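Right, one structure below, let's go through it.
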Amino acid sequence: MKVVVIGCGYVGLGTGLALALTGHEVAFVDLDEARVSRLARGRAPFYEPGLAEALHAARNRTRFTTDYRQALDRAEASFIAVGTPPTPEGAADLSFLRKAADGLAENAAGGGLLVAVKSTVPPGTTRALAGRLERRRPDVAWQVAANPEFLRQGHVLEDSLYPFRFVVGADRAETADRLERLYGKLIHGDFPTPTFVAGPNPSQPQDSPTLPRAVPVFRTSPETAELAKYAANAFLAARISLINEIANICDLVGADVVEVAGVVGSDPRVGPRFLGAGLGYGGSCLPKDVLALCRLAEKVGYAPRLLRAVHRVNADQPGRIIARLDRLLDGLGGTRVALLGLSFKAGTADLRGAPSLGLVSGLVARGAEVRIHDPVALDGVRGILPAGASGCASVGRAFTEADAAILATEWPEYQDLDWPGLRRRMCRPVLMDCRNALDPVRMTEAGFVYVGVGRGDTVGPRGRPAATVETAREPNLLDDHTL
Ligand code: UGA
C-alpha cells in the first residue's frame, strides 16, 4: 500500500520504517527541511540504535519530502505522528496536529484516505480532527482512527517491529479492518528479523520460539484508544513514583529497595519491570502525559489526586538526592561533583525532561562545580547547562579531584569502567548510584563509599560503615513496638 507518514520524529520514523520493512511504499513528510534532507541522504536525524541501518534497509521503499502534495500522490493511508508538547498549563498543544490535518485537507487527492492518529492526544481529538477534515474536504472519503503508539526511545525499531499490542480506535469496522490489514505482517510477525534488532521483544506474547503468536489488536472507540495511551503512561509513571516512595522509606528504616522490588515483582499480579527506584522518570512522554491527564481530568470535573501525587513524588526525587549528598559532604559549597550520564535514560541522547538536569542545577545552586560525562548526549548542551557545570570528553576528566561522583544515567558501558582507578583520581570517596545500577560490593572493594537510592545503610570501603560520611540513621522502630 502507498502510505504517508507525517512527522519524522521517533514515532513517525519507527512506524514508517516498520511499514516499509514489511512491504509498503512510505513517503515521509516533515516541515523541517534540514531533517528531511538528512534523511533523504540516509542519515539518522538523532541518536537511536539501529536507525541508520533501518533507513538503509528500507531505502528502496521510502522517500522524504517537505511537500504534502508530492507525498500524498496516490496515497491510500496516512499516519499523523507529530509532537503534542505541553502548553504552559500542562495541557497538550495540538497546533502541530492541526497543521498536519490542514496539510492533508489541502493536498489529499479525491477518493478515500485512511488517517491514523499516532500522536498522543486527549480524548475527543481524533473525532474533532475527522470533523475538520470532512468540513474542509467533503469530497474525500475520510476514514479516521485513533491509533496510539507505545514505543520506547532507545528501542524504536524493536518496538515498532515487535509491538506488545495495536490499539485501533475507530467508529466504523471498515476503518479498523483497513488499518489492521495494513499492519498485517507486523501483527503476524510475518517478516525476517532484521539484523539491526535483537528480535521479538522478550515480553511479546509467544506460543513457541519460532512461531510468534499474533500481536493483540484492541478495537475500541477513538476516545477509549486515546485515553488508553495516557493511562498506559500514567501506570508506568505511578509504578516508578511508588517504588521511589518505597525507596525513600527504605532509606529511613535500613531496608534495601532493590531486594524489596525483587520480592514485590515476583508476584505475577505485579511483575518485575518498571520497579527501578532512582532519580524519577523523565523524557518527553511520561512527565508530559501525567500532567496532561491531570489537566484533562480537571477540565471534565474530576480531581486526580493520585496522579498529582505521582507527579509530586517524581518532581521531589532529585531534590532528595541533592540534600543527601549535601549531608554526606557536609555542605556542597566549593565541592566538585562528577556526574555520569545526562540523557533521560540509557540508549538515547534525548535531554527532554531529563531528571539529571534538575540534579545539575540543584548542585550548582548550592555551590558545587559539576563535571559531566555522557557517551552521546553532550552535543549541544552548551546553552542548557548552568555556569558551574561543564561537559567532559572522558570519565577520567570528570572524576579528577572530585569530592563525589553521581551515576545519573545507567549507560551499560559505565559498568566496565576502571572504578579503582577513578577512585584514585578523587579527593573524597563518595559514589551516589542514582539508578541502583552498580554492584555495591564491587564499588566498596574499589574504595568507594557507595550510596544507592533506597538501599539502606551507606557503606564505606570494605563494607564498613563510613565514619566520614552519613550512615543511615539507626531506625527507631521500637517506639511503637516495644519488645
Ligand atoms: C515511554 C513509554 O515507556 C512508552 O511505552 C511510550 O510509548 C512513550 O513513553 C511515549 O509515550 O511515547 P520513553 O519515554 O521512551 O517511553 O521512556 P521509558 O523507557 O518509559 O522511561 C521513562 C523514564 O522512566 C526514564 O527516565 C527512565 O529512566 C525512568 N524509569 C524507567 C525509572 O526511573 N525506573 C524504571 O524502573 C523504569
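The values are calculated or read from the model by the stated rules, or taken from the named source; none is laboratory data. Because the structure is a prediction, the values reported are computed rather than measured. Backbone-built Cβ (ideal geometry, glycine too); neighbour counts: all protein chains shown. Each accessible area value is taken on the protein alone, full model and side chains, heavy atoms only, with ligands, DNA and RNA left out. Shrake-Rupley method; radii C 1.70, N 1.55, O 1.52, S 1.80 Å.
Against the criterion of solvent-accessible heavy-atom surface with a 1.4 angstrom probe, K2, K118 sort, most first, into K2, K118. 3J(HN,Hα) along the range 62-76: 10, 9, 10, 8, 9, 9, 4, 4, 4, 5, 7, 4, 6, 6, 9 Hz, from the Karplus curve 6.51 cos²θ - 1.76 cosθ + 1.60 with θ = phi - 60°, whole Hz, x for Gly and Pro. Modelled this way, with points 7 Å down the Cα-to-C-beta line, the labels at A141 and R41 are 4.3 nm from one another.
Taking 22 Å as the straight-line reach from the Cα of K118, the lysines in range (excluding those fewer than 8 positions away in the same chain) are K2, K99, K185, K229, K288. Based on Cα contacts under 8 Å between residues 6+ apart, the chain shows a relative contact order of 11 percent. DSSP beta bridges fully contained in the chain are about 10 percent antiparallel. One chain, two ends: D32 and A128. Fully extended at 0.36 nm per residue, the span grows by 32.0 nm beyond their Cα-Cα distance. Sorted from longest to shortest, the spans of the Cα atoms of the chain along the three principal axes equal 77, 52, 48 Å. With one equal scatterer per alpha carbon and no solvent term, the Debye-computed log10 I(q)/I(0) for the range 274-378 at 0.20, 0.21 1/Å reads -1.04, -1.10.
Listed by chain and number, the aspartates and glutamates whose C-alpha is less than 20 Å from the C-alpha of K299, apart from same-chain residues fewer than 8 away, are E89, D93, E223, E226, D289.
For the range 331-336, the Karplus equation 6.51 cos²θ - 1.76 cosθ + 1.60, evaluated at θ = phi - 60°, returns couplings of x, 9, x, x, 8, 10 Hz by residue, with Gly and Pro reported as x.
What is the helix-to-structure angle for 222-253, meaning the angle in degrees between its Cα long axis and the longest Cα principal axis of the chain, kept from 0 to 90 and rounded to the nearest 10? The angle comes out at about 0 degrees. For the range 160-203, the Stokes-Einstein estimate of translational diffusion at 25 °C and a viscosity of 0.890 mPa s comes to 207 µm²/s, using the Kirkwood hydrodynamic radius over alpha-carbon pairs.
Of the trypsin sites (Lys or Arg not before Pro) found in the range 225-292, the ones in coil according to DSSP and having at most 14 other Cβ atoms within 10 Å of their Cβ are R269, R273. Just so you know, the Cα atoms of the range 211-346 work out to an Rg and Dmax of 18.2, 60 Å. Structural descriptor for the range 1-109: relative contact order 33 percent, calculated from alpha carbon pairs under 8 angstrom and at least 6 residues apart.
Couplings 3J(HN,Hα) for the range 266-282, derived from phi with the Karplus relation 6.51 cos²θ - 1.76 cosθ + 1.60 (θ = phi - 60°), are 6, 7, x, 6, 9, x, x, 8, 6, 10, x, 6, x, 7, x, 7, x Hz, where x marks Gly and Pro. Averaged over its residues, the chain has an accessible area of 45 Å² per residue, based on protein heavy atoms and a 1.4 Å probe. A Förster distance of 45 Å, applied to the separation of the beta-carbon atoms of Y302 and K99, puts the FRET efficiency at 0.90. Note on D416 and T193: the extension gain reaches 77.3 nm, defined as 0.36 nm multiplied by sequence separation minus the Cα-Cα distance.
The longest stretch of the chain left intact once loop-based GluC sites (Glu not before Pro) with at most 12 other Cβ atoms within 10 Å are removed from consideration, loops following DSSP, is 90-400. With the helix formula -39500 (n - 2.57) applied to DSSP H stretches of n ≥ 4, the chain reaches a computed 222 nm mean residue ellipticity of -11500 deg cm²/dmol. Computed in the context of the full set of protein chains, the accessible area of the range 295-419 at 1.4 Å probe radius has 51% of its extent on carbon or sulfur.
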